[in-house]
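First up is the structure itself, then whatever we jot down about it.
The values are calculated or read from the model by the stated rules, or taken from the named source; none is laboratory data. Model, not experiment: these values are computed from the prediction. With ideal geometry, Cβ positions are generated from the backbone for all residues, glycine too; neighbour counts draw on all protein chains shown.
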């Protein structure tokens, strides 16, 4: 009985391993480092204790990092997950006024679909991708009027879009450069009334997004 079990197990392992070894690498793991340009949202002006009026809040542009894991489901189609983190500072600004409020992190989590335009064995593979997920704005400790306060974090739905190129000098190790755009919905301001002869009158809004524009590069390992 034990001999039969060993033989059957060996045949199963051989059936699983042998075809896979002949295939091109399917899994890609990438470490990423880059620079992110960020913007926030505006609102009603607030007169602060320093006598200045502030009407906008933004994350400060800064270095960012993250990783990606992708699986090539066909020779050109890829699905995967992207994580990004931007250690930043919260900026309050207005007309002739700007103030750094404190340190916080902007973290992104997105599943994505990508299309690679070249064959899997090509040394240069341009690609495009789009995905859906969430952006987390971390909490920040600030000092307002001499009083230490904490602004709680918030997570919002977001999408991510981009493209770039992968370069593989060897079958299992390569380099990747990409441009990525991540808009995150924050709020909608009332923009006024709109009247239509068929639908009547209703309030229309002006949606505001916090946008991240990231330039990144990294090393990719293929398995």
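Among the residues of segment 194-209, are any touching a strand residue (DSSP E or B) at 6+ places or on another chain (Cβ under 8 Å), modelled with pLDDT of 95 or more, surrounded by 12 or more Cβ atoms within 10 Å (Cβ to Cβ) and in a strand (DSSP E or B)? So far as segment 194-209 goes, no, none of its residues is touching a strand residue (DSSP E or B) at 6+ places or on another chain (Cβ under 8 Å), modelled with pLDDT of 95 or more, surrounded by 12 or more Cβ atoms within 10 Å (Cβ to Cβ) and in a strand (DSSP E or B).
Only one entry of 157, 168 meets the criterion of being closer than 16 Å to residue 72 by Cα and free of Cβ contacts under 8 Å to residues at least 60 places away in the same chain, and that entry is 168. Residues considered: 111, 84. Of these, the only one that is surrounded by fewer than 18 Cβ atoms within 10 Å (Cβ to Cβ), assigned to a strand (DSSP E or B), at pLDDT 95 or above and within 22 Å of the chain's Cα centre (by Cα) is 111.
I'm trying to understand the selection: among the residues of segment 68-81, which are buried (at least 17 other Cβ atoms within 10 Å of the Cβ) and either over 19 Å from residue 179 (Cα atoms) or modelled with pLDDT under 95 (or both)?
The one that is buried (at least 17 other Cβ atoms within 10 Å of the Cβ) and either over 19 Å from residue 179 (Cα atoms) or modelled with pLDDT under 95 (or both): 72.
Would you say residue 150 is free of Cβ contacts under 8 Å to residues at least 24 places away in the same chain and either part of a strand (DSSP E or B) or farther than 18 Å from residue 65 by Cβ (or both)? Yes, satisfied.
Under the condition of being more than 16 Å from residue 141 (Cβ to Cβ) and free of Cβ contacts under 8 Å to residues at least 60 places away in the same chain, the residues counted in segment 75-109 number 17. Right, residue 183: at pLDDT 90 or above and within 15 Å of residue 86 (Cβ to Cβ) or not? Considered against the rule, which asks whether it is at pLDDT 90 or above and within 15 Å of residue 86 (Cβ to Cβ), residue 183 comes out as yes.
Okay, residues lined up against (1) surrounded by 10 or more Cβ atoms within 10 Å (Cβ to Cβ); (2) within 30 Å of residue 100 (Cα to Cα); (3) modelled with pLDDT under 50:
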{"residue": "10", "(1), (2), (3)": "yes, no, yes"}
{"residue": "14", "(1), (2), (3)": "yes, no, yes"}
{"residue": "19", "(1), (2), (3)": "no, no, yes"}
{"residue": "24", "(1), (2), (3)": "yes, no, no"}
{"residue": "27", "(1), (2), (3)": "yes, no, no"}
{"residue": "30", "(1), (2), (3)": "yes, no, no"}
{"residue": "36", "(1), (2), (3)": "yes, yes, no"}
{"residue": "46", "(1), (2), (3)": "yes, yes, no"}
{"residue": "51", "(1), (2), (3)": "no, yes, no"}
